[in-house]
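Rule-based calculations on the coordinates, nothing more; no lab input. As the structure is a computational prediction, the values presented were derived from the model and not from experiment. FYI the Cβ positions are ideal-geometry reconstructions off the backbone, even for glycines, and counts take in every protein chain you see.
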Amino acid sequence: MPTHEVFNQPPPLVGQDVADDPAMLDALRREGAGWAAHAVHELGRLAGSAQAAELGRLANENPPVLRTHDRFGNRIDEVEFHPAWHELMAVAVRHGLHAAPWRDKRPGAHVARAAGFYVWGAAEAGHCCPVSMTYAIVPALRHAPGLAGRYEPLLAAPAYDFGLRPPQAKRGLLAGMSMTEKQGGSDVRASTTRAVPVTGDGEGAHLLTGHKWFTSAPMGDLFLVLARSPGGTSCFLLPRVLPDGTRNAMHLQRLKDKLGNRSNASAEVEYDQALAWLVGEEGRGVRVIIEMVNMTRLDCVLGTATGMRAAVTQAAHHAAHRTAFGRRLADTPAMAGVLADLAVESEAATMAAFRLAGATDRAARGDEQEAAFRRLALAATKYWVCKRGAGHAAEALECLGGNGYVEESGMPRLYREAPLGSIWEGSGNVAALDALRALTRQPEAAEALFAELDAAAGADSRLDTAIALLRKNLADPAEARARHLTEAMALALQGALLVRHGHPAVADAFLASRLAGHWGHAYGTLPSGTDTAAIIARATPRIGGPKIGG
């Protein structure tokens, strides 16, 4: 006989449309990609389905396995993935979340891609790494027009074609990055990998020898690699399989045992005279590969915004169905304050992410003002939004109490994933110092940022005060104050976007708690009088919607 009845538990959060997100949908239209709304909703329904949740669970509970040799002792350097990983990847590539926007001439193509990346990432975060790398490699690869002409159509193709074959024998390609070394980390100029020119293998051919401490997406088809050539630190394109079908001398030493992102493989690699081709000017490899880094930084912001939205949605769903001491959790002022504060943070991150996606789209089509804005705003936003991700995930987990600490809730996975965005493509100090460099070396970037902020001038005195203080503080851009200045820029940008385009209750709560500085620092310390109900309603999911094909 059963000892008790199970009750006062929320229903499973499946059957929702992840794209049912007012801040994201408004930004999609505002940034010129309203034409993609139907496809984004289709992908959002798939991301919120029980099938997608199961794929995400399986991919994380069955992480990749490295096979260095076959049973005869031959070196094979293969990484085996669970079938769930391949299904997740196939959906992402089929929907153009990789390099497809670079071949799409429609205005807003990069914004549409950002929306797809944002909603589909809610299903599972780890597989977004190779998707992001494939998106990011294209502008860097264009520094070698011959290589770009050969490989870009395949990088943009909507076909997931996994396996070891020559790149031009495949229906679609994926890319990775091989940059940092043990002794250097973010100091990529400390690279010791050597590149020796060779003849007979085409223009710019070199043989690379050395190690890389982190290689993202090691089962990709093409990699950008930094190495020291006779002319200085240079960037190279290295295929995993050579045009004649032989394996390149790229040996996987081990996979990283990571805190999160466990479905995705990250590897230590040795190159033993591996064949690669020069990308860009010799000796200017850091400048070339930074173009790839800056594209993946956008995905750091988008991925963190996705995690925030998923976390607050889970917390709001739990609180809407759970009762304690005779009341729904969502109806208690203390919990309402926490949920509203989490939702404010989430919306501010989403607004900034999509403004940057819009700038990326317009910069790709030649808008120099938007390129200058993106240069500074992306560094500042990457620093701040990604820095907020871990604390946001922890607070959302706490909303579920002990249930949130249990793996089956899905919250621990969000919590483990949250620090990655702040570390990947430059941890906090690197991002803050990059923002400082943009301020001091590219005055047009600061001018473009303030033009964006000034568009909200006069709308709210709290924002006006914050912008005026920012102008004053930027007169002394000392390295010791890099974090302070970068945070202030990111907060001012978020505030300006919310004042101009956001829900009034969200904008008011953000300005009062983030810019006016009169309230506590913990989540849930919004000022009294905040319209928490209106804010929480924007984060509470609706379930039971139509399924794909239904």
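The residues M219, M177, when put in order of fewest to most other Cβ atoms within 10 Å, stand as M219, M177.
Applying 1/(1 + (r/R0)^6) with r as the Cβ-Cβ distance of R150 and E54 and R0 = 30 angstrom yields a FRET efficiency of 0.20.
Each Lys and Arg contributes +1 and each Asp and Glu -1, all at the Cβ; summed about the Cα centre of the chain, the dipole is approximately 400 debye. Distances between placed amide hydrogens fall under 5 Å for Q273 paired with L208, T209, G210, all partners being 5 or more residues away or on another chain.
Reported to two decimal places, what Rg/Rh ratio describes the stretch 406-508 when computed on Cα atoms with Rh from the Kirkwood expression?
Working: Rg = 16.6 Å, Rh = 15.5 Å.
Expressed as Rg/Rh, it is 1.07.
Among I137, I76, the order by Cβ neighbours within 10 angstrom, fewest to most, reads I76, I137.
Counting charges near A343 (Lys, Arg +1; Asp, Glu -1) among other residues having Cβ under 12 Å from its Cβ returns a value of -4.
At an R0 of 60 angstrom, the distance between the Cβ atoms of N62 and S461 translates into a FRET efficiency of 0.65. Look at the alpha carbon pairs under 8 Å that are at least 6 residues apart: their mean separation over the length of the chain gives a relative contact order of 15 percent. Rg over Rh for the stretch 280-386 works out to 1.20, both radii taken from alpha-carbon positions and Rh defined as the Kirkwood radius. The HN-Hα couplings worked out from phi for the stretch 344-355 by the Karplus form 6.51 cos²θ - 1.76 cosθ + 1.60 (θ = phi - 60°) are 4, 4, 4, 5, 4, 5, 5, 4, 5, 4, 7, 5 Hz, whole numbers, x standing for Gly and Pro. Count charges around A100 for me, please; just the other residues with Cβ under 15 Å from its Cβ, Lys/Arg as +1, Asp/Glu as -1. That works out to +1. Rounded to whole Å, the principal axis extents of the Cα atoms in the stretch 150-194 read 38, 18, 18, largest first.
So what is the diffusion coefficient of the chain in µm² per second by Stokes-Einstein at 37 °C and 0.692 mPa s, using a Kirkwood Rh over Cα pairs?
136
Taking the average, over residues, of other Cβ atoms within 10 Å as the packing measure, peptides 431-438, 501-508, 352-359, 168-175 rank 352-359, 431-438, 501-508, 168-175 from highest down. Quick one: if the Förster radius is 56 Å, what FRET efficiency do A451 and A190 give, using the C-beta to C-beta distance and rounding to 0.05? E(calc), rounded to 0.05, equals 0.90. Each label point is 7 Å from the Cα along the Cα-to-Cβ direction; what then is the distance between the points at E281 and A534, in nm? Going from the E281 label point to the A534 one covers 5.4 nm. Remark: for residue pairs K105/K212; K382/K472; K105/K387, the C-alpha separation exceeds 31 Å in K105/K212; K105/K387. In this structure the amide hydrogen of V241, modeled in the peptide plane, comes within under 5 Å of the amide hydrogens of N248, none closer than 5 places in sequence on its chain. Maximal additional length on extending the E368-A480 stretch stands at 37.3 nm, based on 0.36 nm per residue less the C-alpha distance. Going from the residue with the fewest nearby Cβ atoms within 10 Å to the one with the most, Y160, Y271, Y151, Y405 rank Y405, Y160, Y151, Y271. In whole angstrom, how far apart do the alpha carbon centroids of the stretch 17-90 and the stretch 360-398 sit? Between the Cα centres of the stretch 17-90 and the stretch 360-398 lies a distance of 22 Å. Each of K472 and V6 was given a label point 7 Å from its Cα along the Cα-to-Cβ line. The distance between the two points is 5.9 nm. All other residues whose Cβ lies under 11 angstrom from that of K387 are scored, Lys and Arg at +1 and Asp and Glu at -1, for a net of +2.
Convex hull over the alpha-carbon atoms of the stretch 7-73: what's its volume per residue in Å³? Spell out each step's value before the answer.
Numbers: hull volume 11.8 nm³, N = 67.
Normalising the Cα hull of the stretch 7-73 by residue number yields 176 Å³.
Please work out the Cα center distance from the stretch 268-286 to the stretch 122-155, rounded to the nearest Å. Taking the Cα centre of each part, the stretch 268-286 and the stretch 122-155 sit 17 Å apart. By the Cα gyration tensor, the stretch 292-537 has an equivalent ellipsoid whose semi-axes, rounded to whole angstrom, run 32, 20, 15 from largest to smallest. A simple rule links phi to the HN-Hα coupling: the Karplus curve 6.51 cos²θ - 1.76 cosθ + 1.60 with θ = phi - 60°, which for the stretch 308-325 gives 4, 4, 4, 5, 5, 5, 4, 5, 5, 4, 4, 5, 6, 10, 9, 10, 8, 6 Hz, with x for Gly and Pro.
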